[in-house]
1. Considering only DSSP beta bridges where both residues belong to the chain, give the percentage that are antiparallel (nearest 5).
2. Normalising by the residue count of the chain, find the relative contact order in percent from Cα pairs under 8 Å and 6+ residues apart.
3. Quick one: plug the Kirkwood hydrodynamic radius of the range 90-146 (C-alpha pairs) into Stokes-Einstein at 4 °C, 1.567 mPa s, and report D in µm²/s.
4. Along its three principal axes, how long is the range 23-72 when you only count alpha carbons? Whole Å, largest extent first please.
5. Could you go through the range 9-23 in sequence order and give the Karplus-derived ³J(HN,Hα) for each residue, using 6.51 cos²θ - 1.76 cosθ + 1.60 with θ = phi - 60°, rounded to whole Hz, and x for Gly and Pro?
6. For each pair in 46/75; 50/72; 52/126; 80/138; 31/96; 24/44, compute the distance between the two Cα atoms and list the pairs where it is over 29 Å.
7. If you count, for each residue, the other Cβ atoms within 10 Å and average over each peptide, how do 141-152, 26-37 line up from highest to lowest?
8. Compute the FRET efficiency between residue 91 and residue 147 as 1/(1 + (r/R0)^6), taking r as their Cβ-Cβ distance and R0 = 41 Å, and round to the nearest 0.05.
Amino acid sequence: MLYIGDLVNTHGIKGEVRIISIFKYKDLIFKPDNYLYINDEKLKIKTYRKHKNFDMVTFEGYNDINEVLKFKGSKVYINKEEYTFPGPLNEELYGKKVYNNGKYIGTLKEIINNGGGELLVVEGDKEYLIPYVDEFVKEINEDIKLSLIKGFVDEG
């Protein structure tokens with residue numbers, strides 16, 4: 001199972017729930033007839049819409065607020081095997097060695113979303129924050145190969 005967000009509250013009286021998610025490929029996940037896993041229950045998405053920073057979902061078989069209250073505060077998961085993603089999942093990249101123009105600079109600690117985009121957090125001699133964009137990230141396989149402009153990492 002792959003964690004994709006938190007079910008933070010209900011919305012209205014017809015069983016709609018609010019999910020907070022920064023999952024990279026949530027446009028592939030939050031679709032009618034796809035499944036989410038909450039508290040070991042497999043739930044089929046009936047409807048989906050965006051509302052502010054929430055992903056609003058209703059589930060088949062749940063039509064009342066009292067039926068979904070038990071999910072409030074729960075973690076939301078997907079079965080990774082049910083999907084094909086167009087690129088690597090952030091969680092699969094953690095711990096990889098990172099090279100800038102062939103020189104080792106550290107390992108990928110995490111990927112954070114700062115609201116304007118994703119940043120690679122690379123732990124080396126220092127901690128580096130590098131925009132996760134095609135202009136800088138040239139190749140991802142067993143390692144991450146970057147080509148950064150001067151000033152992102154210490155030149156030495």
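Every number here is computed from the coordinates shown, using simple stated rules; none is lab data. Bear in mind that the values here come from a model prediction, so they are computed numbers and not experimental data. Glycine also receives a Cβ, built like all others from the backbone with ideal geometry; neighbour counts cover every protein chain displayed.
1. So the antiparallel bridges in the chain amount to around 95 percent.
2. The value is 19 percent.
3. Taking Rh from Cα pairs, D becomes 116 µm²/s.
4. The Cα atoms of the range 23-72 stretch 29, 23, 17 Å along their principal axes.
5. Couplings: 5, 8, 9, x, 10, 9, x, 7, 10, 9, 10, 9, 8, 10, 4 Hz.
6. 52/126; 31/96
7. 26-37, 141-152
8. 0.95
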